[in-house]
Amino acid sequence: MRSTLLRRLGLTAVLALTLALFGLTPSASAAPAAQADLTFATDTATTTPGGKVNLSMTLTNNHTYDIWFVYQTIDPTWLTTQRPDLKYSFTGCSLATADGAVPCSGTGPANLGTNYGATIPPGQSRTVTLTLEVAADSGCNGNIGFYSYSYIEFSDSTNLSGGPTYTPETRVLCA
């Protein structure tokens, strides 16, 4: 009776070892590329009353399919909205192209999606720049911060949602 049990255990062990070596071992593979990358930058870290800051958003398509649709918002952070002395507005919007900057074609600074000029082929980027102007009579004693939500659709019927995105690059010290 023991020999039957040992044979079964031995056969099970050999079968498990074979599966582990040939069938169940994970294969090495590179991590998949991110579908899209949205980065933020400012042309200056500080501003003063009456000053201007350019806030740029760059969307890079790292997917193997075209970006067909982009929806993105940019809004002040809650702390920024709680400062009644702070007065600012977006006074300009432009899309960087191979021929230079062109005015935005979207619905404005709060909704940036159509400004990217989708379709964006794989490996290409689009940059939208907003000009933030601080009023000359504004109080200026801290950071002006922003956050963003984004939704991107690709030609392979997939989509990517992100947000809120808070990054140090979207904060400008107003002093």
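The values are calculated or read from the model by the stated rules, or taken from the named source; none is laboratory data. All values derive from a computational prediction rather than experimental measurement. Neighbour counts run over all protein chains shown; Cβ positions are idealised from the backbone, glycine included. We work out accessible area using only protein heavy atoms, side chains counted, and drop any ligands, DNA or RNA first. Shrake-Rupley method; radii C 1.70, N 1.55, O 1.52, S 1.80 Å.
Key figures
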| quantity | calculated |
| --- | --- |
| Qualifying positions in the range 42-62 - open to solvent by 50 Å² or more (accessible area, probe 1.4 Å) and in a strand (DSSP E or B) | T46, K52, N54 |
| Scope the range 132-160; condition open to solvent by 30 Å² or more (accessible area, probe 1.4 Å), under 24 Å from F90 (Cβ atoms) and not in a loop (DSSP other than H, G, I, E, B); matching residues | E133, N143, Y147, Y149, Y151 |
| Residue selected from the range 25-41 under the condition polar (S, T, N, Q) and modelled with pLDDT under 75, by the criterion surrounded by the fewest Cβ atoms within 10 Å (Cβ to Cβ) | S27 |
| Which numbered condition L79 misses (of (1) touching a residue at least 24 places away in the same chain (Cβ under 8 Å); (2) assigned to a helix (DSSP H, G or I); (3) more than 14 Å from L173 (Cα to Cα)) | (3) |
| Of all residues in the range 96-119 being under 21 Å from T80 (Cβ atoms) and of a type in the set (A, V, I, L, M), the one that is most open to solvent (accessible area, probe 1.4 Å) | A110 |
| Any hit, the range 104-118, residues being more than 15 Å from the chain's Cα centre (by Cα) and part of a strand (DSSP E or B) | no |
| Criterion: assigned to a loop (DSSP other than H, G, I, E, B) and either over 16 Å from T47 (Cα atoms) or open to solvent by less than 70 Å² (accessible area, probe 1.4 Å) (or both) - qualifying residue of P122, P164 | P122 |
| Unmet requirement for C93, which otherwise passes all of (1) more than 16 Å from L160 (Cβ to Cβ); (2) open to solvent by 40 Å² or more (accessible area, probe 1.4 Å) | (2) |
| Residue, nearest to the chain's Cα centre (by Cα), within the range 63-88, restricted to residues that are more than 18 Å from S138 (Cβ to Cβ) and open to solvent by less than 60 Å² (accessible area, probe 1.4 Å) | Q72 |
